[in-house]
Amino acid sequence: RSNLTRFNFSHIILCFIAEMAESIGSGKSWLISVPSKIPVLESSCVVIPCEYDYPTKGNLWKKWRGYWTRGDETVASNNPKFKLKQEFKGRSRITGTIESNDCTWQLDDVRETDTGPKTCLNNYLTSNFVKIVDCTGVPEPPVMTVSVNNHASATCTVTHACPSSPPKFSWSHPGKTKTSSKKLKEGLWSTKSTLTFTPEEADFNKPLKCTVNFNDKKTTEGSVLLVKKISQISIRLQYHW
């Protein structure tokens, strides 16, 4: 949890409600860990990692019910009987297992109005934390690299917050492609596409383009110039005395 920040007061609150067989004590020892801020692309999804610790001594928990709220509105719950409002119906869910200290929330088709929802943790125990989502309508261009030896190898990398629906890549040149993702801190992921091919003379000094599609709704493009590697010629001089 080293990459997560802990807060006591906030604009976002996660609400837990538990059915208990025994009474519980003070909430001072409760801790919730979430990123302080996640940049999100509009119309894509965001997965907000959330973990918590709670005092177990003297407590016997029967069932956990978790709720994410915005003001007086509940925007996500693991309660199968709870009905969300139309605004969040079908695109908001708690993906973490509450009983296993995982309160992760996924919101699909992110809208500008979703920015900065409020949240809380209550039922005798209270712990508040910040989780503000920045929503941008224009994706950042990818970071691109290229190297040329016997083969050309190019990479196209983007950062996103939707690991369940990673971006799709397409290249302006045919070749063998490989896509990989890795988790970054603060709820972000990096996805990279690598293209390898054997260049021909006509390929040099021309831009190699990579197009990235997010959730079939937003696209961004990057390009890099394919430059022919110049062989270095070593000249050995022999002197005769």
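Structure notes:
- Residue 112 accessible area, assembled protein chains, probe 1.4 Å, Å²: 130
- Carbon plus sulfur fraction of accessible area for region 179-227, probe 1.4 Å, in percent: 47
- Whole-Hz ³J(HN,Hα) from phi, Karplus 6.51 cos²θ - 1.76 cosθ + 1.60, for region 144-155, glycine and proline x: 10, 9, 8, 9, 10, 10, 6, 10, 9, 10, 10, 10
- Exposure check, 1.4 Å probe, all protein chains in place: residue 108 carries approximately 40 Å² of accessible surface.
- Residue 168-residue 209 pseudo-label distance in nm [points 7 Å out on the Cα-to-Cβ vector]: 1.8
- The amide H of residue 206, built 1.01 Å from its N in the peptide plane, has 226 as neighbours under 5 Å, considering only residues 5 or more places off or on other chains.
- Relative contact order (%) - region 143-226, alpha-carbon pairs under 8 angstrom, separation at least six: 34
- Computed over region 143-226, the range of Cα coordinates on each principal axis works out to 43, 24, 18 Å, biggest value leading.
- Förster radius 41 Å - calculated FRET efficiency between residue 143 and residue 85, Cβ distance, rounded to 0.05: 0.60
- Per-residue Karplus couplings for region 182-192, computed as 6.51 cos²θ - 1.76 cosθ + 1.60 with θ equal to phi - 60°, are listed in order as 9, 7, 9, 7, 6, x, 10, 10, 10, 10, 10 Hz, Gly and Pro entered as x.
- Accessible area per residue, Å², region 143-226 with all protein chains present, probe 1.4 Å: 57
- Proximal aspartates and glutamates relative to residue 229, as straight alpha-carbon distance under 19 Å, when same-chain residues fewer than 8 apart are discounted: 200, 201, 203
- Amide H contacts under 5 Å for residue 135, placed H, 5+ residues apart: 40
- Phi angles across region 93-108 convert, under the Karplus curve 6.51 cos²θ - 1.76 cosθ + 1.60 with θ = phi - 60°, into 3J(HN,Hα) values of 7, 7, 8, x, 8, 4, 5, 9, 6, 10, 10, 4, 10, 10, 10, 8 Hz, Gly and Pro given as x.
- Neighbours of residue 192, meaning other residues whose beta-carbon lies under 9 angstrom from its beta-carbon, give a summed charge of +2 when Lys and Arg score +1 and Asp and Glu score -1.
- Between residue 103 and 50, 51, 52, the built amide H atoms are under 5 Å apart, and every one of these is 5 or more places off in sequence or on another chain.
The values are calculated or read from the model by the stated rules, or taken from the named source; none is laboratory data. Keep in mind that this is a model prediction, so the values were computed, not measured. Note that we place each Cβ from the backbone using ideal geometry, even for glycine, and neighbour counts take in every protein chain shown. Quick note on the areas: whole protein, heavy atoms, side chains included, nothing else; ligands and nucleic acids left out. Shrake-Rupley method; radii C 1.70, N 1.55, O 1.52, S 1.80 Å.
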